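The values are calculated or read from the model by the stated rules, or taken from the named source; none is laboratory data. From a predicted model like this one, the values you see are computed outputs, not experimental measurements. Glycine gets a Cβ as well: all are built from the backbone with ideal geometry, and neighbour counts include every protein chain shown.
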Amino acid sequence: MIEEKKHSDLLVDLITHDIGNYHQVIQTSLGLVIFLLEKNKTSVLSTQDSEKIFSYLTTAKNALMRSRSLVDNIRRLERLYGQKDLKLVLRNLPEAINNAYSTVEQTLYDNNPYGKKISISITHGHAMDINIMAEDLLDEIFINLFSNAVKYTDSSEVKIDVMIKDYFIAEAKYWMITISDYGKGIPDSMKKELFERFYYKAKGSGLGLSIVRALVERYRGKIWVGDRVYKDYTKGTTFGIIFPAA
């Protein structure tokens, strides 16, 4: 009952506050565009006004894209909460990671062909049977983590290192995946709450991380976050995940 109440409160907050904020940005930006067009009804737009219009439209477009992304994530959360019976199938981890990389790479290009580029290094030895029991939603874990790295890397090239290795707890075999980026990092004070709601509220990444945690736990895994360089969060972030091997 408590979990259902938390879930309900989260959705109300997302819809009334966060989506409302994005729509306010869109409304304001388009209002400024209309004002400038009305002002120049009988004359040619000046270079300065043309640049302002372009800037306002870009702001509106970005807010619309973030709003759409937020709605997509809400739907994913609802899908997770609504599915009580697990129908897990054998999934290959390197394949899921490559699928996620292709999705994020294509999204980056579609949004801005001349913007950020993503490069991923995947190390997993020569094993072919790096499998777990999961669903198609497995890809979403890595899509969200890669997207998070893109958002919080300031440079034009987003570099991500992925490593997969076997890991044993007693005699039970697991696959451990570490995903390391070279972005601005996460201070220790923020790590604890990282998977709760969304901490980086300005860009809404934490909702994606809430989905990541929900999916990892759905597949009987665990996830944690640390620094890429020990005790120096400014050098980037490492997410670690373990799943039972299949």
Exercise. So how many residues does region 17-48 have that are crowded, with 16+ Cβ neighbours inside 10 Å and either charged (D, E, K, R) or not assigned by TED's automatic domain parsing to the domain that holds S67 (or both)?
Worked result: 1
Seminar exercise, completed: If we keep only residues of region 1-48 that are assigned to a helix (DSSP H, G or I) and among the basic types (K, R), then the residue modelled with the highest pLDDT is K39
Exercise. Residues of region 90-119 being among the hydrophobic types (A, V, I, L, M, F, W, C) and modelled with pLDDT of 95 or more, which ones?
Worked result: L90, L93, A96, I97
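Okay, residues lined up against (1) part of a loop (DSSP other than H, G, I, E, B); (2) assigned by TED's automatic domain parsing to the domain that holds Y219:
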| site | (1), (2) |
| --- | --- |
| V71 | no, no |
| E95 | no, yes |
| Y101 | no, yes |
| E105 | no, yes |
| G115 | yes, yes |
| I118 | no, yes |
| D136 | yes, yes |
For this session: Quick one: count up the residues across region 140-154 that are at pLDDT 90 or above and either assigned to a helix (DSSP H, G or I) or under 19 Å from W224 (Cα atoms) (or both).
Result: 6
